[in-house]
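Student: Pasting a structure below so you can have a look.
All of the numbers you see were taken from the coordinates with simple rules; none came from a lab. All values reported here derive from a predicted model rather than from experimental measurement. Note that each Cβ is placed from the backbone with ideal geometry, even for glycine, and that neighbours are counted across all protein chains shown.
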Amino acid sequence: MKTIAAIFLAVIGCAPLTAQTEFLKPEGLAPSPSYSHVVVASPGKMIFIAGQVANDKQGKVVGKDDLKAQATQVFENLKTALAAAGATFNDVVKINWYVKGYKPEYLPTLREVRSAYVNKDKPPASTLVGVAALFQDDYLLEVDAIAVVPEKHHRKK
């Protein structure tokens, strides 16, 4: 039994652990041009980014009452957070949006900003939730993200 376990560990130890991320468009679900219904990632370094709001470096709100300005600042903050963890938007597999007082007419603006950042060919899974309020009145949205960096990339550090 020890011999089998040793062989198994040797084979596993020698096998390259490269991340493989699949962006699936299952038949039976309406296709979307701006998000993936299913993202499968394995193995790699997982990065969880807390909800980002429209704060500048000094913690001041950017774009009070301006959804596009706030969304742009939020995505710039996500970009900074990703870089700090050794990732880019190409590594993002899931985004959650929380939009204060959401109305359907907000969607084109939100999609426009998101499209300037995420991988358009392999967009992350995405959920948008309208909320009554966020933690402070001046914020119009908050976005969190999950990214997976391929094993071979983060081993080089």
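Student: Rounded if a/c is under 1.5, else prolate if a/b is larger than b/c, else oblate: which is the range 18-154, with a ≥ b ≥ c the root eigenvalues of its Cα gyration tensor?
Tutor: It is oblate, given that a/c is not under 1.5 and a/b is not larger than b/c.
Student: Also: With N residues in the range 70-111, what two-decimal value do you get for its Cα radius of gyration over 2.2 N^0.38 Å?
Tutor: Ratio of Rg to 2.2 N^0.38 Å for the range 70-111: 1.32.
Student: Taking 0.36 nm per residue of separation and subtracting the Cα-Cα distance, what length does fully extending residue 76 through residue 40 add?
Tutor: Stretched out fully, the residue 76 to residue 40 stretch lengthens by 10.4 nm.
Student: Something else now. Kindly put 49, 95 in sequence by how many other C-beta atoms sit within 10 Å of each C-beta, fewest to most.
Tutor: In increasing order of surrounding Cβ atoms, one gets 49, 95.
Student: Related question: Can you give the FRET efficiency for residue 136 and residue 27, using 1/(1 + (r/R0)^6), R0 = 35 Å, r = Cβ-Cβ distance, to the nearest 0.05?
Tutor: That gives a FRET efficiency of 0.20.
Student: Please arrange 40, 74, 113 by how many other C-beta atoms lie within 10 Å of their C-beta, fewest to most.
Tutor: Going from least to most buried by this count: 40, 113, 74.
Student: How do 121, 138 rank when sorted from fewest to most other Cβ atoms within 10 Å of their own Cβ?
Tutor: Fewest to most other Cβ atoms nearby, the residues stand as 121, 138.
Student: On to the next question. If R0 is 35 Å, what FRET efficiency do you get for residue 48 and residue 103 from their C-beta distance, rounded to 0.05?
Tutor: That pair, residue 48 with residue 103, gives E of 0.75.
Student: Gain in length, residue 119 to residue 55, computed as 0.36 nm per residue apart minus the alpha-carbon separation, to one decimal in nm?
Tutor: Working it through step by step, the gained length comes to 20.7 nm.
Student: Which net charge results for the neighbourhood of residue 36, defined as the other residues with beta-carbon distances under 10 angstrom from its beta-carbon, given Lys and Arg at +1 and Asp and Glu at -1?
Tutor: In short, +2.
Student: Show the residues, 5+ positions off or on another chain, whose built amide H is closer than 5 Å to the amide H of residue 102.
Tutor: 131
Student: Next question. Pairs to check: 57/120; 64/100; 100/120; 45/122; 45/79; 100/122. Give those whose C-alpha atoms are more than 21 Å from each other in this structure.
Tutor: The pairs that break the limit, which is 21 Å between Cα atoms, are 57/120; 100/120; 100/122.
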